[in-house]
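Report on the structure given below.
The values are calculated or read from the model by the stated rules, or taken from the named source; none is laboratory data. These numbers were taken from a predicted model, which means no experiment stands behind them. FYI the Cβ positions are ideal-geometry reconstructions off the backbone, even for glycines, and counts take in every protein chain you see. The protein model used for the area step is the full one, side chains on, heavy atoms only, and it has no ligands, DNA or RNA in it. Shrake-Rupley method; radii C 1.70, N 1.55, O 1.52, S 1.80 Å.
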Amino acid sequence: MARIIVVTSGKGGVGKTTSSAAIGTGLAQRGHSTVIIDFDVGLRNLDLIMGCERRVVYDFVNVINGEATLNQALIKDKRTEGLFILPASQTRDKDALTEEGVSKVLEELKERFDYIVCDSPAGIEKGAQMALYFADEAIVVTNPEVSSVRDSDRILGILQSKSLRAREGQEPVKEHLLVTRYNPARVSAGEMLSVADVEEILAIPLLGVIPESQDVLKASNQGEPVILNADAQAGQAYSDAVDRLLGEDRAHRFLDEQKQGFLKRLLGGGRG
């Protein structure tokens, strides 16, 4: 049975698309056929992070409007077997996403894929509500700062009251917490909330903690999901998160400040 996973947040710029790309890639790496859908009509970023922007001919809205088939719009990832991308339209209005249209596309995708990862726009506008509405599971992405966490709390309220599962009285959407851009040194300095603080406020299970890292920006600029960089801490953290999503037990890493030895400090090493 296909699972629909929405990657969401209340605030923009927290790393949702980076997380959608990494998690979708990780699921496909583990042998699960996966499609990542960009719900951010008008802003479209997923194709850039996946490095397939030049291959976009048709998009999600074209399929909804019957202007293209799903086969024409789906882009096969060149690096990871079993992974496809359904890009958003850059030129349409967000109202182009209708409940009936999105439902029809998702039903067709369910017949072909094990996992459907929905990259939601930030906030609570139309595209975000559409991405949330059909979800079986939700990965709530937040930075360890008060405004980001507070906005994520609002999203949880919407999931619990306005999703299809909530409206039909089904089993609730399964919620996961993903903390991104985590910097233990800044937590120690009191500049950032700790993971425990975020968990206490949101009270949903912790899926993963992604360390603040230049590797994430570098991967995005290169059009390559950071999970493919096995040497990067962020890539390793996303890989752990995918394993947990699939029910495996993985200890959380990169939560504590790495103390540099005297020699490393002297030589200016250990950075990056």
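The figures follow:
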quantity	calculated
Between helix 16-29 and the chain: long-axis angle, C-alpha atoms, 0 to 90°, nearest 10	80
Nearest 10 degrees, 0 to 90: helix 99-110 Cα axis against the chain principal axis	70
Considering only the chain, percent of DSSP beta bridges that pair antiparallel, nearest 5	5
Magnitude of the charge dipole, the chain, Cβ model with Lys/Arg +1 and Asp/Glu -1, debye to 20	640
Listed values (i) 18.9; (ii) 19.7; (iii) 32.5, entry calculated as Kirkwood radius over Cα pairs in Å	(i)
Residue-wise HN-Hα coupling along the stretch 42-48, computed from phi with Karplus coefficients 6.51, -1.76, 1.60 (Hz; x: Gly, Pro)	x, 10, 5, 10, 4, 4, 5
Accessible area in square angstrom per residue, the chain, 1.4 angstrom probe	47
K174 long-range amide H proximity, modeled H, under 5 Å	E137, A138
Highest-fluctuation residue, V173, V216, V105 considered, GNM on the chain with Cα pairs under 10 Å	V105
C-alpha long axis of helix 233-245 to longest principal axis of the chain, angle in °	50
Where Y115, Y238 fall by accessible area, highest first, once all protein chains stay in place (1.4 Å)	Y115, Y238
Vicinal HN-Hα couplings computed from phi for the stretch 210-218 (Karplus, 6.51 cos²θ - 1.76 cosθ + 1.60; Hz; Gly/Pro x)	9, x, 4, 7, 5, 4, 5, 5, 4
With DNA, RNA and ligands ignored, accessible area of T80 (1.4 Å probe; Å², nearest 10)	10
Calculated [θ] (222 nm, deg cm²/dmol) that DSSP helices of n ≥ 4 give over the chain, each run adding -39,500 (n - 2.57)	-11000 deg cm²/dmol
Rounded accessible area of S161 (nearest 10 Å², 1.4 Å probe)	70
Residue order for H176, H32 - accessible surface, 1.4 angstrom probe, largest first	H32, H176
Close Lys-Lys pairs in the stretch 3-249, where close means Cα under 19 Å and separation is 8 or more or interchain	15
Separation between Cα centres of the stretch 104-169 and the stretch 1-36, rounded to whole Å	11
Whole-angstrom gap from the stretch 41-92 to the stretch 171-232, using each part's C-alpha centre	26
With all protein chains modelled, accessible area of D77 [1.4 Å, Å²]	10
